[in-house]
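Working notes, beginning with the structure itself.
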Amino acid sequence: MIKDEILKEIPSLPGVYFFKKGKEYLYIGKAKNLKARIKTHKLQAKVNKKEALIFNQASKLEWITTDSDFNATLLEAKLIKEKQPKYNVRWRDDKSHLYIKITKNDPYPKVFLSRKENDGKSLYFGPFLSSKVAYEILRLVRQVVPFCTQKKIGKKPCFYSKINLCQPCPSYIESLDDKNLKKSLKKKYQENIKKVIKILSGNGSYLLKQYEKILKELIKKQKYEEAIVVRNRYLKLKKLLLEKNFDLVEEEKQTSWEKIEEKIKKVLNDFFNLKEKRILRVEGFDISNFSFKEAVGSMVTFFEGEAKKDQYRRFKIKNPNLKDDFSMLVEVLKRRLSNHSWEKPDLLLIDGGKPQLLAIWKSLGQKIDVPILGIAKEPDRIILGKPPFEEILLNDKKEILLFFQKVRDEAHRFAKKYHRYLREKRKVK
């Protein structure tokens, strides 16, 4: 039983806390405000059986303060992995662990999310309680220090190099003939990876001081353009370390997306064998045209049920001989699936029924290694994207139907918006 005296000693700072029984770790958590979080645990122990068990069995309460909520999140993941506490139940299932993985022994180390530790050739950070948190950490770190997520070097710079999230891009570096420039940029990329490792190891404050020092030197030398780049990264890192809130709901409470995901898997598992897989990234596709002029396709991306507008893509139909939506949809999917610099989807959804899916199957067939569905109207229903293209009514599964409708409607809106833009542009000319 934790005594009230110890509760008075807890600081109102970010950090990680441990409930222990002797040397055994019962529960590890993190908080933006340790004192407030422990008070919440104590109150919940009066009404929640699990909280009561932790409080009654624990003989010790210990904590480590950190300089930010971000570092507390990283430390929590590291310690849960090491200590395997009894009541951090979700961590028991190895397949659900999500890590940030950085390849080693690689001239251009890659950084991406990984389901489990499967080799001895990489660095792993995590596991993280929520895939949403892991994704957000990676997204924010990449804004501070650009890095590559492509598993293979391409023939041309990747899409992310155009928006300064992969800079310098390994594919660009390898295309260079100038050996000195190639060597210099390769070294710069490797230095970027070292910075990423520092941030993920909880040493972001050290990097912040480095940026501050570099910024002062650049201003002194009147190198203002370079100074602006460093200043922007400094400010983003400072915001990440000092302001970003990674507070999560209790680990026993499933997020609304996890509930929907389980229901989707239950419906689709007999057809696509999804038991061992997660459905996190869903992409929706649609075509928009007027008498086959200014024909365009859209791709919208949803991650854990939420629209990720920075990962929307639009496609101008390249083949002028295509005269139906089916073949246009095939072109769009071919182009999307051939782009390996974009994150792989877990589920594809098209606005259409059996005719569209049949055209896709005939053209792409086994090349599509992720489940694909169509959503048809009147009544709204799901069609499976492989023979015999079975239909599934979702009248009794409103949550799933509403989600698929949301993806379809957003793909339709985005395609229509691009189509209207091209028509207006043509009128101006």
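Each reported figure results from applying straightforward, stated rules to the coordinates on display, with no laboratory input. Keep in mind the model is a prediction, meaning the values are calculated, not measured. Reconstructed Cβ throughout: ideal geometry from the backbone, glycine too, with neighbour counts over all protein chains shown.
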Taking only DSSP H segments of four or more residues, each worth -39500 (n - 2.57), what value at 222 nm results for the chain once the sum is divided by all its residues, to the nearest 500 deg cm²/dmol?
-14500 deg cm²/dmol
Would you kindly derive the ³J(HN,Hα) couplings of the range 99-108 from the backbone phi angles with the Karplus curve 6.51 cos²θ - 1.76 cosθ + 1.60 (θ = phi - 60°), listing them in order in whole Hz, with x for Gly and Pro?
10, 9, 10, 10, 6, 10, 6, 9, x, 10
With r defined as the distance between the Cβ atoms of Glu136 and Ile197 and R0 fixed at 22 Å, what FRET efficiency is calculated, to the nearest 0.05?
0.75
Among Lys20/Lys239; Lys239/Lys417; Lys30/Lys60, the pairs whose Cα-Cα distance exceeds 28 Å are Lys20/Lys239; Lys239/Lys417
So if R0 is 35 Å, what FRET efficiency would Lys318 and Asp380 give, r being the distance between their Cβ atoms, rounded to the nearest 0.05?
0.65
Greater than 19 Å apart at Cα, pairs in Lys3/Lys39; Lys81/Lys151; Lys259/Lys398:
Lys81/Lys151
Stretch Leu242-Gln190 to full length: gain in nm at 0.36 nm per residue minus the Cα-Cα span?
16.1 nm
By a straight-distance test (C-alpha under 14 Å), which aspartates and glutamates pair with Lys263 as possible cross-link partners, with residues fewer than eight away in the same chain excluded?
Glu304, Asp396, Glu399
Grab the Cα-Cα distance for Leu176 and Ile219, subtract it from 0.36 nm times how many residues apart they are, and report the gain in nm with one decimal.
12.4 nm
Under the 7 Å Cα-to-Cβ spin-label approximation, Leu235 and Ser256 lie apart by a distance in nanometres of 3.3 nm
If one computes the Cα centroid of the range 106-174 and of the range 197-236, what distance in Å separates the two points?
21 Å
Taking amide H positions as placed 1.01 Å from N in the peptide plane, with prolines and chain starts having none, which residues 5 or more places from Gln167, or on another chain, fall under 5 Å of its amide H?
Phe147
Rel. contact order, % - alpha carbon contacts under 8 angstrom, at least six apart, the range 99-242
20 percent
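Extension gain Lys151-Leu364, at 0.36 nm per residue separation less the Cα-Cα distance, in nm?
Difference between extended and current length: 74.4 nm.
For Cα pairs less than 8 Å apart in space and 6+ apart in sequence, what is the mean separation divided by the residue count of the chain, i.e. the relative contact order in percent?
Relative CO of the chain lands at 10 percent.
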FRET E, pair Lys60, Thr40, Förster distance 30 Å, beta-carbon r, rounded to 0.05:
0.95
Take peptides 259-269, 45-55 and line them up by average Cβ neighbours within 10 Å, highest first, as a rough protection proxy.
259-269, 45-55
Quick one: work out Rg over Rh on the C-alpha atoms of the range 4-92, Rh as Kirkwood radius.
0.94
Counting only DSSP beta bridges fully inside the range 256-428, the antiparallel percentage to nearest 5 is 75 percent
